[in-house]
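S.K.: Before anything else, here's the structure in question.
The values are calculated or read from the model by the stated rules, or taken from the named source; none is laboratory data. This is a predicted model, so every value here is computed, not measured. No Cβ is skipped: glycine too gets one built from the backbone with ideal geometry, and neighbour counts run over all protein chains shown.
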Amino acid sequence: MGAAKKPYFESVRIGEELPPLLKPAIDRVAIARYAGATDDYNPFYVDEDFAKRSGFPSVCAPGMMAMGFLGELAADWVRPGPVKRISARFVKIIWPGDSLVCRGRIVDKRREAGEHYVDLELWVENQKGELVVKGTASARLFNSASDEERHRMGMPPEEVEEFVRPSLVELFERELPRMEPETKAGKSRQAEPMDGGVAPKRASRAGGSKARK
């Protein structure tokens, strides 16, 4: 499989999806290692007996573990640009044996103080397709390949025209194929008036009665 196309501000589009990040089944060893790396030895993460006495079927994975996967997804996509902000909301517990897929899409693009940013919607699903984590992030992009090259050479950013955010109508037209209205020749001809543009008038009932007398 070839390398993923590097995203640049001038070419990415609102609604575009990020390449998904797949995570294999999470086991208890991975959970224990994460707890040790973060110094978070919550008994719900590492003590099977405690978790079961508390009504859980087993230990569970820290929510921050899945949030870290979202950060990995965003950072891998935006590289070499930085992720400037990320937040997440934990929706469902992640259990040992769950395999996860991290997804995202661009929901906005903007310029601030001469720099280029995209806002991302991020989420994590388990093997059942259930939403387990939902989040957002903002990342900075180079405008183009030439802009990135100028940055590496210590040159100022390239000058670009002001970005105009597309309207809701434009976004709708991008998502749905344009459909040309079908016209029927028969209907068009029937709609045209006769006798040089003057439509014929129907005789009134009174006029018809006089004609029969």
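S.K.: Across the stretch 3-59, which residue is nearest to the chain's Cα centre (by Cα) among those that are surrounded by 13 or more Cβ atoms within 10 Å (Cβ to Cβ), closer than 30 Å to residue 114 by Cβ and among the charged types (D, E, K, R)?
M.R.: 16
Residue-wise test of (1) assigned by TED's automatic domain parsing to the domain that holds residue 75; (2) within 30 Å of residue 90 (Cβ to Cβ); (3) surrounded by 14 or more Cβ atoms within 10 Å (Cβ to Cβ); (4) modelled with pLDDT under 95.
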{"site": "117", "(1), (2), (3), (4)": "yes, yes, yes, no"}
{"site": "121", "(1), (2), (3), (4)": "yes, yes, yes, no"}
{"site": "144", "(1), (2), (3), (4)": "yes, no, yes, yes"}
{"site": "151", "(1), (2), (3), (4)": "yes, no, yes, yes"}
{"site": "183", "(1), (2), (3), (4)": "no, no, no, yes"}
{"site": "186", "(1), (2), (3), (4)": "no, no, no, yes"}
{"site": "189", "(1), (2), (3), (4)": "no, no, no, yes"}
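S.K.: Given the structure, is residue 97 touching a strand residue (DSSP E or B) at 6+ places or on another chain (Cβ under 8 Å), on the phi > 0 side of the Ramachandran plot and in contact (Cβ under 8 Å) with a residue 24 or more places away in the chain?
M.R.: no
S.K.: Next up: Does residue 134 satisfy being more than 16 Å from residue 62 (Cα to Cα) and not in a loop (DSSP other than H, G, I, E, B)?
M.R.: No: the conditions fail for residue 134.
S.K.: Sticking with this one: Using beta carbons and a limit of 7 Å, which pairs, at least six apart or on different chains, have the first residue in the stretch 5-33 and more than 27 Å from residue 82 (Cβ to Cβ) and the second one among the charged types (D, E, K, R)?
M.R.: Here the result reads 25/98; 26/98, each pair linking the stretch 5-33 to a residue that is among the charged types (D, E, K, R).
S.K.: Restricting to the stretch 109-154, count the residues that are touching a strand residue (DSSP E or B) at 6+ places or on another chain (Cβ under 7 Å), in contact (Cβ under 8 Å) with a residue 60 or more places away in the chain and small (Gly, Ala, Ser).
M.R.: 3
S.K.: Does residue 100 satisfy the criteria of being farther than 26 Å from residue 44 by Cα, surrounded by 13 or more Cβ atoms within 10 Å (Cβ to Cβ) and of a type in the set (A, V, I, L, M, F, W, C)?
M.R.: The answer is no for residue 100.
S.K.: Next question. Among the listed residues 11, 54, identify the single one that is under 26 Å from residue 108 (Cβ atoms), of a type in the set (S, T, N, Q) and out of contact with any Asp or Glu (no Cβ under 6 Å at 6 or more places or on another chain).
M.R.: Matching residue, one of 11, 54: 11.
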